[in-house]
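Single-structure report; data block below.
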Amino acid sequence: MANSSRAPGRSRRLRTALVVSAAVGLLATAGAVVLPGSASAASTLGASAAERGRYFGTAVAVSRLNDSAYTTILNREFNQVTAENEMKIDALQPNQGQFNYGNGDRLVQHARSQGMLVRGHTLAWHAQQPGWMQNMSGTTLRNAMLNHVTQVATHYRGQIEWWDVVNEAFADGSSGARRDSNLQRTGNDWIEAAFRAARQADPNADLCYNDYNIDNWNDAKTQAVYRMVQDFKNRGVPIDCVGLQSHFTGGSNYPSNYRTTLSSFAALGVDVHITELDIRNAPSDAYRNVVNDCLAVARCKGITVWGIRDSDSWRSSESPLLFNSSGQKKPAYDAVLTALNNGTTPPTGNPTTPPPTGNPTTPPPSSGCTATVTPGQVWGDRYNTSVTVSGASTWSVVVAITAPQKVSSTWSGSFSWDGSGNIMTVRSNGSGNTFGFTTMMNGNSSARPQIRSCTAG
């Protein structure tokens, strides 16, 4: 299974880190402020997010760590950091076989000294490759890419919470195709190979796929990434999270179905992250909506804005961030902090919302019927699931359960299991087209059953 090589207790480690980060943030500030509807509310972004089991982070340029105004805001406001450029391929391996970890290490050391979580960005990407890699192709390039993934993930083992293992591998537009890159031309399995190498090198880091323009649920690119993640989960490829960059501007403004996108990815059994948020002219409503959408999805782990002050932004002329160039808080900052403080902590083990009926997702493999999952009641150690079959009166449905979870009780169907006890086949038995079962978590509160197939007859 996808999580078979993971060290136990990871969710507890993440939660502990966020609590520690919240304490650090609160101690570093003047304490709390009073806001409407809250007797006592956190006064910084990171502290408020941590109180809700999430992070609020920023991209950091190591060269700006010498700027005291910059680091004052960084250390006060954020509990997570992403290296803006210092962990990309050309920065870490400028010459083949010669790794330069100096700036990346400096960022990690600064973050850890402040109790911040670190996102590694990025291990495999078609852009910002050093010249030696750009001149490679085929098996030689594949091996060089996998060696880079292995060496870098090994170097930072135990220091990185999440890795953007692969970045921006899908094409824009309506094709839903993979991007034509030198890495793609090494074979369509290159993304899978990168994820497997990363898991081997650092079993405790969460492994993410990261991309832009996958915010609108109806877009072909979003659907293509969804199908890849769905396939990876079905086949046990180690993927733990999806990152939505969410650079909102022009034709990719904040979409009204953004929350649907977050919840639909989460329903596949992966966490979702908003990884590179910036919004042209920093409208308060759009920033507030993004925060509220994340808070509404239990598996949305946090938000990272792509820079601190407008002058630090790659889109500085658009003033897209929460602080102006002088380091003053903008109205969007107040909107974000208020939304965070008004948010609630999601209950442990709460199942994610499945993709809404009728969305243009690719259904699980089927032959004459469709099986739809509806999450049921959740307790501290177990949860219920119901499945409704449409399109046939007699049917068989194959359901995968993620170990060490186990089904403890069933109803309204004829159930059998394979030798592992984790692949369940349910057949109609005259009791209707809906069946259900109770699953014991056994220490894994995040995974949910996956439909493998539905067959009529």
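The values are calculated or read from the model by the stated rules, or taken from the named source; none is laboratory data. Note that the structure is a prediction, hence the values are computed from the model and not measured. Heads up, the Cβs are rebuilt from the backbone with ideal geometry, glycines too, and the neighbour counts pull from every protein chain shown. Ligands, DNA and RNA are stripped out before the accessible areas are found, and what is left, the full protein with its side chains, is counted by its heavy atoms. Shrake-Rupley method; radii C 1.70, N 1.55, O 1.52, S 1.80 Å.
Net charge of the neighbourhood of Thr438, taken over other residues with C-beta under 15 Å away and scored Lys/Arg +1, Asp/Glu -1, is +2. Largest accessible area first, the listed residues Trp162, Trp411, Trp132 line up as Trp411, Trp132, Trp162 when surface is computed with a 1.4 Å probe on the assembled protein chains. Spin-label pair Ala127-Ser393: with each label point 7 Å from Cα along the Cα-Cβ axis, the two points sit 5.6 nm from one another. Compared with the dominant Cα axis of the chain, that is its longest principal axis, helix 68-77 is turned about 30°. Distance from the alpha carbon centroid of the range 407-457 to that of the range 187-236 works out to 26 angstrom. Ranked from largest to smallest solvent-accessible area, with a 1.4 Å probe on the protein heavy atoms, Arg54, Arg178 come out as Arg178, Arg54. With a 1.4 Å probe rolled over the protein heavy atoms of all chains, the accessible area of Trp217, Trp125 falls in the order Trp125, Trp217, largest first.
Computed from backbone phi with θ = phi - 60° and the Karplus coefficients 6.51, -1.76 and 1.60, the 3J(HN,Hα) list for the range 283-290 is x, 4, 4, 5, 4, 4, 4, 4 Hz; x is used for glycine and proline. For the chain, the relative contact order works out to 12 percent when only alpha carbon pairs closer than 8 Å and six or more residues apart are counted.
Computed per residue of the chain from DSSP H runs no shorter than four, each worth -39500 (n - 2.57), the mean residue ellipticity at 222 nm is -9000 deg cm²/dmol. In the context of the full protein assembly, Lys406 retains an accessible surface of approximately 80 Å², using a probe radius of 1.4 Å and ignoring ligands and nucleic acids.
Taking the Cα centre of the range 137-282 as origin and assigning +1 to Lys and Arg Cβ atoms and -1 to Asp and Glu Cβ atoms, the resulting dipole is close to 360 debye. The Ser414 and Ala296 beta-carbon pair, evaluated with R₀ = 45 Å, returns a calculated FRET efficiency of approximately 0.75. Of all DSSP bridge pairs formed entirely within the chain, close to 50 percent run antiparallel.
Per-residue SASA remark: Glu168, around 30 Å² accessible (1.4 Å probe; ligands, DNA and RNA not included). Computed from Cα positions, the angle between helix 138-155 and the longest principal axis of the chain comes to roughly 70 degrees. The ellipsoid equivalent to the alpha-carbon distribution of the chain has semi-axes of 36, 27, 21 angstrom, derived from the gyration tensor eigenvalues as √(5λ) and listed largest first.
Compactness of the range 75-191 is given as radius of gyration and Dmax, 15.2, 47 Å, from Cα positions.
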